[in-house]
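One structure below.
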Amino acid sequence: MKICCIGAGYVGGPTMAMIGFKCPDIEVVVVDINEARIAAWNSDKLPIYEPGLLEVVLAARGRNLFFSTDVNKHVGEADIVFVSVNTPTKTRGVGAGKAADLTYWEGAARVIASVSTSSKIIVEKSTVPVKTADAIEKVLRRNCSDPSVQFEILSNPEFLAEGTAIEDLTNPDRILIGGKDTEAGRAAIATLASVYEHWIAKDRILCTNLWSAELSKLTANAMLAQRISSMNSISALCEATGADVQQVSRAIGTDSRIGPKFLNASVGFGGSCFQKDILNLVYICETVGLQSVAEYWHQVILMNDFQKQRFVERVISAMFNTISKKKIAVFGFAFKKDTGDTRETPAIDVCRGLMADGANLCVYDPEVEDKQIYQDLGTEKFEWDHPSPRSAPIPKTAIAISHDAMEAARDAHAICVLTEWDRFKNYDYQAIYDNMVKPAFIFDGRNILDHAKLREIGFIVYALGKPLDPFLQKHYD
Ligand code: UDX
Ligand code: ADP
């Protein structure tokens, strides 16, 4: 059996590496039009940072796992084609700011149709709006000149989270496969299931109809994001009342009906999926006339925006309503720990907010490349999800970047923790404090630091959703 995956990104790359690793009898080729990305997949410096990924790639690469730019050849030869291309939010036209832009998906479908001389199973891997399979099927059928070629479309959404992708792929809660309830549809589902059965128990492979699978992915992400927005809304209330959001989340998380996961209040959720998928869901609801349902889910995004803005306002008001020309160290730019990914990271909006008030920022992140930070801060909303940047990076003079946390904090008035990197917990904060301007502030947007100890050292600490520091309290009274 031959598998080809179009799109060597965060989803396609690790997923195919795992299939190649677990299925030595299957040839797996990942293709991408981006030559630099493919070259990186063929090197020891992979294009994405993901714990354990390199080991998996090294075990299978050159054996039955290959990365190539020859899209036509490998798509043409494949029995199963996974499509894992980007699906940006539309930035213009009907549905701008909400609907998914399927340009890249349609491009991939046209390539598949034009080079196919044998029947294939086409697998939707990237998250797509519900009923995309319908549209894609039409593009495939109308553009393939060989009438004997059949395409069977399946939806097989990926639930891996960045930073834990290898663990999630090795041991998934479930594999979801959606297909048509026809003989050919059922056969295609069985074929795809047989790939996963190399390492996943049959009872973890759920089969549904196409639309249920597509909608399940959007719903799963919307509900996870909703939990975070719910806790973030409560974090604001905690600060106003003297409750502690971590105590609240622990207390409610022990209710087995609620469960403990995804209840950490934060400066806001980021990542390539949550916002995009919810906006997509909102748009779908609007197009079928379900305005109240659309508004219900949209509120999850609005709460996330509120949380980022609230954090910026806390920083400004705590620092005597002026941060102009003050150096502020930003610890963490990635959207979560253990990844170098910055897509939709809350750090972008927070940094922009602080810069708009005149702060001199100095960013430190252990994995994010400098050029990515300049690019992100210059990129318009929703423009990030295109293969080549369509906006100019901000000038290097607009923001400082340091590769050392101590240096980033030297002579700073404040530190903002925006990513929960473990290493941030273990720094010598006494030494950091000694080198800062006084009063020295720490704004912990992830609640990972030892706040009592920091206060002992002399810091004025703002911790998200926690009773306010007496210094700040006095300031607000
Ligand atoms: C998410 C889904 O978890 C995954 O199933 C889907 O396939 C893709 O989208 P990902 O975006 O990689 O994965 O990371 P996730 O761990 O879900 O975190 C998303 C954001 O929420 C991060 O910014 C994270 O810091 C934030 N978060 C997460 C919180 O703020 N609080 C929490 O309790 C959990
Ligand atoms: P995700 O996070 O969903 O994996 P990425 O943006 O990281 O998304 O990856 C999508 C990849 O798909 C990009 O590397 C892009 O170059 C690639 N791509 C988009 N359109 C095509 C196409 N028609 N043929 C091959 N690769 C494509």
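Derivation of every value follows stated rules applied to the coordinates shown; laboratory data play no part. All figures in this text were calculated on a predicted structure; none of them were measured in a lab. Note that we place each Cβ from the backbone using ideal geometry, even for glycine, and neighbour counts take in every protein chain shown.
A convex hull fitted to the Cα coordinates of segment 12-124 yields 123 cubic angstrom per residue.
Between helix 274-287 and the chain there is an angle of about 60 degrees, using the helix long axis and the longest principal axis of the Cα atoms. Counted over segment 173-304 with a bin width of 10 Å, the fraction of Cα pairs per bin, in whole percents, is 11, 30, 29, 22, 7, 1, 0.
The distance separating the Cα centre of segment 203-269 from that of segment 352-370 comes to 28 Å. Please give me the summed charge of the neighbours of residue 379: other residues whose Cβ is under 13 Å from its Cβ, Lys and Arg +1, Asp and Glu -1. Computed value for this residue: -1.
Can you compute the FRET efficiency between residue 187 and residue 305 using 1/(1 + (r/R0)^6), with r the Cβ-Cβ distance and R0 = 41 Å? Round to the nearest 0.05. According to the calculation, E is roughly 0.35.
Run down the lysines and flag those whose C-alpha is under 19 Å from the C-alpha of residue 202, throwing out any fewer than 8 positions away in its chain. The qualifying lysines are 22.
Between segment 171-187 and segment 113-144, the alpha-carbon centres lie 16 Å apart.
Going through segment 1-56, which trypsin sites (Lys or Arg not before Pro) have at most 12 other Cβ atoms within 10 Å and a DSSP loop state? Sparse-neighbourhood loop trypsin sites (Lys or Arg not before Pro): 45. Annotation for residue 296 and residue 255: the two label points, set 7 Å from Cα along the Cα-Cβ direction, are 1.8 nm apart.
Here the Debye sum runs over all C-alpha atoms of segment 21-77 as equal scatterers in vacuum, and log10 of I(q)/I(0) at q = 0.28 Å⁻¹ comes out as -1.21. For segment 48-115, GluC sites (Glu not before Pro) are listed when DSSP marks them as loop and at most 12 other Cβ atoms sit within 10 Å of their Cβ; the list is empty. In the chain, the longest principal axis of the Cα atoms and the axis of helix 210-241 are about 10 degrees apart.
Between residue 426 and residue 39, the simple spin-label model (points 7 angstrom out along Cα→Cβ) gives 3.6 nm.
Summary of the geometry: segment 424-450 and segment 66-108, compared by the centres of their Cα atoms, lie 44 Å apart. Computed from label points 7 Å out along Cα-Cβ, the spacing between residue 63 and residue 79 is 2.0 nm. Between the Cα long axis of helix 132-143 and the first principal axis of the chain there is an angle of about 40°, rounded to the nearest 10. In terms of surrounding Cβ atoms within a 10 Å radius of their Cβ, 254, 342, 89 rank from fewest to most as 254, 89, 342.
Placing one equal scatterer on every Cα of segment 195-250 and applying the Debye formula, the log10 ratio I(q)/I(0) at q = 0.12, 0.13, 0.28, 0.29 Å⁻¹ is -0.53, -0.58, -1.05, -1.07. In angstrom, the C-alpha Rg and Dmax of segment 89-200 are 15.8, 45.
Magnitude of the charge dipole for the chain, about its Cα centre and with charges confined to Cβ atoms of Lys, Arg (+1) and Asp, Glu (-1), is about 560 debye. With the largest listed first and rounded to whole Å, the semi-axes of the equivalent ellipsoid of segment 357-477 from the Cα gyration tensor are 30, 16, 14.
Specify whether the C-alpha gyration tensor of the chain places it in the rounded, prolate or oblate class, a ≥ b ≥ c being the square roots of the eigenvalues: rounded for a/c under 1.5, otherwise prolate if a/b is larger than b/c and oblate if not. It is prolate, given that a/c is not under 1.5 and a/b is the larger ratio. Taking a point 7 Å from the Cα of residue 288 along the Cα-to-Cβ direction, the residues of segment 205-221 with backbone N closer than 16 Å to it are 209-220.
For segment 1-54, the fraction of alpha-carbon pairs lying more than 12 Å apart is 62 percent, rounded to a whole number.
Rounded if a/c is under 1.5, else prolate if a/b is larger than b/c, else oblate: which is segment 253-328, with a ≥ b ≥ c the root eigenvalues of its Cα gyration tensor? Oblate is the answer for segment 253-328, as a/c is 1.5 or above yet b/c matches or exceeds a/b.
Charge tally for residue 450 (other residues, Cβ to Cβ under 12 Å; Lys, Arg +1; Asp, Glu -1): +1. With R₀ fixed at 25 Å, the C-beta to C-beta distance from residue 110 to residue 206 puts the FRET efficiency at about 0.20. Summed over qualifying helices (DSSP H, 4 residues or more, each -39500 (n - 2.57)) and divided by its residue number, the chain shows a 222 nm mean residue ellipticity of -13000 deg cm²/dmol.
Across segment 311-345, the residues whose backbone nitrogen lies under 20 Å from the label position 7 Å along the beta-carbon direction of residue 407 are 327-334.
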